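Each remark here refers to the structure printed beneath this line.
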Amino acid sequence: MVLDIGERKRKREEKRKKVLVLFIAAIMVLSVFGVVFYGFSGDRGEELDYNGFKFSIVDRLYRLKIGNGYADFNLHPSQVEEFETDKNAIDMLKTRSMAYYTSDFHDPFNSTIALMHYNLAPVLSRQNSLYLQPSYTTEVSENFPVITCSNATSTVPVIYAKKGDENKVEMDGYCIIITGTTPVNLAGLHENIAYRLLGVIE
């Protein structure tokens, strides 16, 4: 009887894990095509200027025109400009064609991390021709490679997003570590990187 209960518990956990993997996978796969959806418009509100860039508020998001398309942000650059970011991380992303984006599958902020990959990947692809490969620090599914900071190289760096005690973007060799104390701060750090890559924040 004990074995039956244990087996049922194990199957429920496997089912929960599979559902979460499919959910996060869907978000990450969509991120590859996210740039395709740039240009769709919603209700346009007021316009805001920042450092010579014009933002329009559309469906409660900050929309920035990029070439022939658009990028939507959850936070205005003035809300994320003070976050600590290693300039070397930005410079490296500007000159690479591929990077791994990894995290702990069981990180408390895993849904935020997946959404931030969804938002950041199109910016890197469109602006810097950089493909962001989703991955995890441990084996989760055959669709996601197992990647940690130890896999980072000069040609293919790693971005490691996680919950932490500080809000910052720092370098460990060729690994860019994004640490946020809350989901909102972690999202803000990702958008800080995107704004810097676009030249919005200097």
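Bear in mind that the values in this text are calculations on the coordinates, not laboratory data. These figures come from a predicted structure and were not determined experimentally. Cβ sites come from the backbone with ideal geometry, for glycine too, and all protein chains shown count toward neighbours.
Quick one: is residue 138 surrounded by fewer than 19 Cβ atoms within 10 Å (Cβ to Cβ), touching a Cys at 6+ places or on another chain (Cβ under 9 Å) and of a type outside the set (A, V, I, L, M)?
Details: surrounded by fewer than 19 Cβ atoms within 10 Å (Cβ to Cβ): yes; touching a Cys at 6+ places or on another chain (Cβ under 9 Å): no; of a type outside the set (A, V, I, L, M): yes.
Taking the combined requirement at face value, the residue does not satisfy it.
Contact map, segment 102-130: first residue more than 10 Å from residue 161 (Cα to Cα) and touching a residue at least 24 places away in the same chain (Cβ under 8 Å), second residue surrounded by 22 or more Cβ atoms within 10 Å (Cβ to Cβ) and of a type in the set (Ser, Thr, Tyr), Cβ cut-off under 8 Å, separation 6 or more or different chains; pairs are 105/136; 118/31; 119/31; 120/31; 120/101; 121/31; 121/101; 122/31. For first residues located in segment 144-159 and among the aromatic types (Phe, Trp, Tyr), partners that are part of a loop (DSSP other than H, G, I, E, B) and buried (at least 17 other Cβ atoms within 10 Å of the Cβ) and lie 6+ apart or on another chain with Cβ distances below 7 Å form the pairs 144/135. Taking segment 148-174 as the range and being surrounded by fewer than 22 Cβ atoms within 10 Å (Cβ to Cβ) and among the hydrophobic types (A, V, I, L, M, F, W, C) as the test, the residues that pass are 149, 156, 171.
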